[in-house]
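FYI, it's all coordinate maths here, none of it is from the lab. Remember, it's a predicted structure, so these values are computed and weren't measured experimentally. Backbone-built Cβ (ideal geometry, glycine too); neighbour counts: all protein chains shown.
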Amino acid sequence: MKIDVLTLFPGMFAGPLDESIVQRARSSGVLDLRVHNLRDYTEDRHKTVDDRPFGGGPGMLLKPEPLFKAVQALAGQGTRVILLSPAGRLFSQGIARELAREEHLLFICGSYEGVDERARASLVHDELSIGDYVLTNGNLPAMVIIDAVTRLLPGVLGDESSSADESFSDGLLEYPHYTRPADFQGMKVPEVLLSGHHEAIAKWRLEQAKRRTAERRPDLLENKNQAG
Ligand code: 4GX
């Protein structure tokens, strides 16, 4: 998969996407990730990316010209252009699975009050939000989505931590996990997990996952068929 990111702060992407599983996906060639500075697509002397809103009001907006130029340069036929915004569709595991099937994603990370409406309406296919809170810009949301999508790409997770295993408990919270020792300061691992009885273990885990979900996130049980 190819992912391009348009941002005013390319430096923010160094670090989170240079480690761990995302880095492995990049060095193995499964993910081709490129971060671009929106300022590089300006044409005026001062490299202006933002301006004041017509009609007045607080804050600044991303100007249309650099956005049009950048998207024209970076997007092609098979590109899905995504704007991060609190006004977007709420990102979910279902949307992550949808995006993982695309060949090319282009993320536009807005700052300030947002982007000129003509740029949004003409260039953006999909507006996504990672949650109902206000961040300083779209960089962290883009990284969150890139992380969630990358681990779903074929060949990124080994069998050990496979995402296929998640389908068994699809839409449920995780069951409790235990590792050695079997008795830690008198706190014992449930007997069934030591039994070697795989069917009983699977049954216990599913029950635990359902119980936890009902207790902590009953909304997930109600939306089980929509949200995924
Ligand atoms: N989930 N923000 C984007 C600027 C902005 C505003 C409107 C485009 C349109 C956020 C979130 C989020 C703050 C990122 C405002 N850009 N993005 N930024 N929550 O709060 O995605």
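Numerical summary
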read-out: Where N is the number of residues in the chain, Cα Rg divided by 2.2 N^0.38 Å; value: 1.26
read-out: Distance-filtered residues of segment 15-49 - backbone nitrogen under 18 Å, label point 7 angstrom along residue 73 Cα→Cβ; value: 33-49
read-out: Rounded if a/c under 1.5, otherwise prolate or oblate - segment 1-131, Cα gyration tensor axes; value: prolate
read-out: Given charges at Cβ of Lys, Arg, Asp, Glu: segment 23-152 dipole, positive-most of 128, 71, 29; value: 29
read-out: Residue-wise HN-Hα coupling along segment 94-107, computed from phi with Karplus coefficients 6.51, -1.76, 1.60 (Hz; x: Gly, Pro); value: x, 5, 4, 5, 4, 5, 5, 8, 7, 8, 8, 10, 10, 9
read-out: The chain: relative contact order in percent, alpha carbon pairs under 8 Å with at least 6 residues between; value: 21 percent
read-out: Volume per residue of the C-alpha convex hull in segment 89-157, rounded to whole Å³; value: 93 Å³
read-out: Antiparallel DSSP beta bridges within the chain, as percent of all bridges there, nearest 5; value: 15 percent
read-out: Candidates per trypsin sites (Lys or Arg not before Pro) in segment 7-60, loop by DSSP, up to 10 other Cβ within 10 Å; value: 45
read-out: Additional length obtainable on full extension of the chain from residue 187 to residue 214, 0.36 nm per residue less Cα span; value: 7.2 nm
read-out: Dipole magnitude of the chain about its Cα centre (Cβ charges: Lys, Arg +1; Asp, Glu -1), debye to nearest 20; value: 80 debye
